[in-house]
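Single-structure report; data block below.
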Amino acid sequence: VAVLDVRREHAILDLCASPGSKTSQAIDMMFSGKSSSLADAGFVVANELCEKRPYIFAKRCSELSSASSCVLVTSHRAQIFPSSVNDGTGEFDRIICDVPCSGDGTFRKYRDKWRHWHHFQGRQLHSLQLQIALRSIALLKVGGLVSYSTCSLNPMEDESVVAALLERCGGAVELVPCRHHLGDFVTARGMRSWKVLDDDCCEIPSYEAARERLGAGGKRYRRTMWPQGERADLEHCLRLYPHLNDTGGFFVALLRKIKPWPAPSSSLPTLKAQSRRSAQPELRDLPPAFLLSFLSAHNVAEVKDVRLACWSDQPRRIFALCESLARYCRVGEEREDKKSQGKASCCKISAGVCLAYL
């Protein structure tokens, strides 16, 4: 998050938000200025697939006072996170893409990981990590920034994913130097070449060799795992080794979208992929009768800088959302039909801050 240069007006997405520390840091950076008005505030979407964790994080967000009105917590598969904009222009200024990883950089903190760790875990996660990273680029506005990060030091999860991402996006994305954001932290440059190993730790020189040597087992490998020539720009990636700063191991790459890049149609969310999610209630403007009742009960003439909304199945619970978040949630918009609603919707756990129950 530190490398993203977060500003108050930004629309921010944390694709894999658990346990919530990155999202909290982004919110702190958004509201670090002196202004207390929400009129110019952006919003933060914290997404986490795990069923229980989003509810825990939603409870934490409810304790953020006025900043809570700018936070949406969702639960959706990151690699098909839905968007109402599918022309490649995106709708987020900053995206935190801290993907699921083997966690081999956390051995000093969690020593029990040694009992279960194997180098092939990085190979198993490579495709998922690349899918999530590609989705983050599709969701990003032109000129926006994505931080791709792992708490792993395995190049299968790090540089190989970044290199494949740059190749797939065909010049729509560039790596950005970000060392200056980390102050006194001692960092190492990203790797320009690496080796791919089989289960016995023997080197496999190429994708073709994997298919020839391993037969059916070669299907577990992807062409993107091997270096596609030495890319000098991979040195803009940062590696944080545990012994250099007395910390855990970490990898981060900062990427900027420089022109529209629409995601391939095969990677876009569909109703079939969202069948369990699409029937959820939607946010809508507070009905006039409830609005008058709320204003009268609290002796308030009008509400500034926020929209009062409710869930379609719970009209008596009143939520306050900042204007930018209300627009993103399409509060007050008419859905044409269930099909269009399903394509642009994700499972919302909480939105804004609950003000009252009538």
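The values are calculated or read from the model by the stated rules, or taken from the named source; none is laboratory data. This structure is a prediction, so every number in the text was calculated from the model and none was measured. So basically every Cβ, Gly included, is an ideal-geometry build from the backbone, and we count neighbours across all protein chains shown.
Consider Ala263 carefully, then state whether it is at pLDDT below 60 and either crowded, with 19+ Cβ neighbours inside 10 Å or not in a strand (DSSP E or B) (or both). No, not satisfied. Is it true that Leu153 is out of contact with any Cys (no Cβ under 7 Å at 6 or more places or on another chain) and in a loop (DSSP other than H, G, I, E, B)? When the stated conditions are applied, Leu153 passes them. If you check Ala210 against the conditions, is it surrounded by fewer than 16 Cβ atoms within 10 Å (Cβ to Cβ), of a type in the set (A, V, I, L, M) and on the phi < 0 side of the Ramachandran plot? Taking the combined requirement at face value, the residue does not satisfy it. If you go through segment 113-163 and keep only what is among the aromatic types (Phe, Trp, Tyr), over 17 Å from Val45 (Cα atoms) and touching a residue at least 24 places away in the same chain (Cβ under 8 Å), you end up with just Phe120. One residue alone among Cys202, Cys151 is buried (at least 16 other Cβ atoms within 10 Å of the Cβ) and closer than 28 Å to His243 by Cβ, and that residue is Cys151.
Considering only residues that are touching a strand residue (DSSP E or B) at 6+ places or on another chain (Cβ under 7 Å), among the acidic types (Asp, Glu) and under 19 Å from Leu153 (Cα atoms), which ones fall in segment 171-225? Passing the criteria: Asp198, Glu203. Considering (1) closer than 18 Å to Ala253 by Cα; (2) modelled with pLDDT under 90, the lone condition that Ser68 does not fulfil carries the number (1).
When Leu175 is tested against (1) among the aliphatic types (A, V, I, L, M); (2) closer than 23 Å to Gly248 by Cα; (3) in contact with an Asp or Glu (Cβ under 6 Å, 6 or more places away or on another chain), only condition (2) is not met.
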